[in-house]
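Bear in mind these aren't lab numbers, they're just calculated from the coordinates by the rules spelled out. Treat the numbers as computed from the prediction; the structure is a model and nothing was measured. So basically every Cβ, Gly included, is an ideal-geometry build from the backbone, and we count neighbours across all protein chains shown.
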């Protein structure tokens with residue numbers, strides 16, 4: 001159903017399913033806040049549902065379920081279909097990184113009897129939103145011996161939390177004259193981590209005490225930060241939003257809401273599909289999809305090459321290009337949900353609304369569609385028919401008014417390989433903020449729409 005309020009369609013039984021699905025999503029959003037955490041969760045749930053590591057199988061046949069991972073930050077999962085893989089596969093692709101703060105390689109310092117961790121923000125954050133709020137540290141520290149120390153501080157009820165302090169309004173006359181993007185400087189986003197001095201005779205006593213805690217409690221030496229990957233994220237759990245509990249408020253909807261629904265869709269296929277189904281979870285979208293774990297990585301073609309070899313018994317570059325050319329993909333990424341409090345930046349007839357279902361962006365880009373993928377109408381028509389046939393609610397949108405800005409996703413990267421791709425995700429309010437909002441109806445409709453796409457697009 002196109003551009004209608006999805007809440008109107010649910011009977012009591014379906015509403016119960018919707019709420020249960022979102023309860024599970026809230027647990028996921030609360031417990032998995034980094035790329036590594038989501039990758040490890042994905043592997044566990046895939047294996048619990050009968051998926052095997054692709055490297056452990058010699059050949060592939062219809063009905064087989066396999067997965068591959070890359071550096072604990074990428075996941076590719078497949079359900080092998082009845083048709084020849086060279087006829088193309090149906091792909092759901094989402095990213096699992098979110099805007100945050102990262103620790104610098106030499107982060108520890110003391111200033112006026114406070115100990116701090118120095119940070120570098122990752123992705124398009126609004127810097128002033130990250131001050132004066134409880135924060136947690138997630139990630140890994142790799143020792144020279146190769147030992148991996150998993151860090152998660154600030155989520156358990158018995159854990160401390162951390163914060164970036166802000167200036168009191170009584171003394172902020174000069175600060176208040178600054179523009180919003182300069183009121184907090186990037187170099188001022190430093191994490192307060194302690195204030196008790198060591199009893200030993202050392203120059204920086206608070207820092208000395210913090211270092212001893214790191215060694216004694218966490219087995220982390222100061223030099224270990226050089227080979228660490230530690231992310232600063234909002235502490236605490238996602239919650240139902242509104243007296244009617246119709247929405248979810250939490251950190252990382254962009255783009256874990258699409259990652260979760262995409263992964264659940266491939267897990268919940270109830271029969272062997274005609275075309276091979278695929279779910280891809282990638283990293284680094286918020287900084288340009290670069291690097292070994294971003295969508296630009298050759299990992300995608302590498303795994304597809306393995307898939308062809310194990311399904312066909314042979315491989316060449318022409319086969320790979322044939323598979324890619326014949327494939328269909330939903331770039332499962334969020335869209336900007338219409339916010340009545342900021343109506344001036346939206347063009348209302350081409351905006352996505354919370355509660356109206358899965359959102360399609362024919363193109364994203366900025367100011368004249370710069371940097372966009374522009375989906376073919378023939379592909380869109382196929383999707384419309386499948387969603388209408390399966391009673392999935394959906395809508396279309398652009399990312400705000402033409403001259404206001406814009407943005408991009410991973411869609412163009414796969415489209416550049418000659419694949420049919422369109423953005424299809426969930427509208428989000430307060431996108432890139434430490435707490436974002438989505439509609440539970442949209443989460444559920446996206447899940448239903450992704451299943452229909454995997455099963456029926458041909």
How many angstrom separate the Cα center of region 361-399 from the Cα center of region 14-52? 27 Å
Would you mind listing how long region 400-458 runs along its three principal axes, going by Cα atoms, in whole Å with the largest first? 37, 29, 20
Against the longest principal axis of the chain, how steep is helix 12-31, in degrees 0 to 90 to the nearest 10, with axes from Cα atoms? 40 degrees
Sort 31-39, 78-86, 184-192, 263-271 by packing, meaning the average of other beta carbons within 10 Å per residue, with the highest value first. 31-39, 78-86, 263-271, 184-192
Determine the equivalent ellipsoid of region 256-330 by diagonalising the alpha-carbon gyration tensor, then write out the semi-axes as square roots of 5 times the eigenvalues, largest first, rounded to whole Å. 22, 20, 10
Relative contact order %, region 46-129, counting alpha carbon pairs below 8 Å whose residues are six or more apart: 18 percent
Cα-projected label distance for residue 388 with residue 344, points at 7 Å along beta-carbon direction, nm: 3.9 nm
Give, in nm to one decimal, the length gained when the segment between residue 287 and residue 5 is fully stretched (0.36 nm per residue of separation minus the Cα-Cα distance). 98.1 nm
Would you mind calculating the relative contact order of the chain from Cα pairs under 8 angstrom and at least 6 residues apart, reporting the percent as a whole number? 24 percent
Value of Rg/Rh across region 274-418 [Cα atoms, Kirkwood radius]: 1.01
Between helix 377-389 and the chain, what is the angle of the helix's C-alpha long axis to the longest principal axis, kept within 0 to 90° and rounded to the nearest 10? 90 degrees
Convex hull of Cα atoms in region 1-99, direction-averaged projection (nm²): 9.6 nm²
Based on the Cβ-Cβ distance of residue 49 and residue 458, what FRET efficiency does E = 1/(1 + (r/R0)^6) give at R0 = 35 Å, to the nearest 0.05? 0.90
Report the calculated FRET efficiency for residue 17 and residue 83 (r = Cβ-Cβ distance, R0 = 30 Å), to the nearest 0.05. 0.45
Which order do the peptides 41-51, 4-14 take when ranked by the mean count of other beta-carbon atoms within 10 Å per residue, highest first? 41-51, 4-14
Using only Cα atoms, tell me the angle between helix 299-312 and the longest principal axis of the chain; keep it within 0 to 90° and round to the nearest 10. 40 degrees
From Cα pairs below 8 angstrom and at least 6 apart in sequence, can you work out the relative contact order of region 100-234, rounded to a whole percent? 39 percent
Would you mind classifying region 90-136 by shape? Square roots of the alpha carbon gyration tensor eigenvalues, ordered a ≥ b ≥ c; an a/c under 1.5 is rounded, otherwise it is prolate if a/b is larger than b/c and oblate if not. prolate
At 222 nm, what helix-only mean residue ellipticity would the chain give, in deg cm²/dmol to the nearest 500, using -39500 (n - 2.57) for each DSSP H run of four or more? -8500 deg cm²/dmol
Mean Cβ neighbour count within 10 Å, used as a protection proxy, ranking 156-169, 440-453 highest first: 440-453, 156-169
Tell me, what is the Rg over Rh of region 100-234, with Rh the Kirkwood radius over Cα pairs? 0.99
Note the listed values (1) 23.2, 75; (2) 56.7, 193; (3) 22.9, 82, then indicate which one is Rg and Dmax of the Cα atoms in Å calculated from this particular structure. (1)
Only bridges whose two residues both fall in the chain count here: according to DSSP, what percent of them are antiparallel, nearest 5? 70 percent
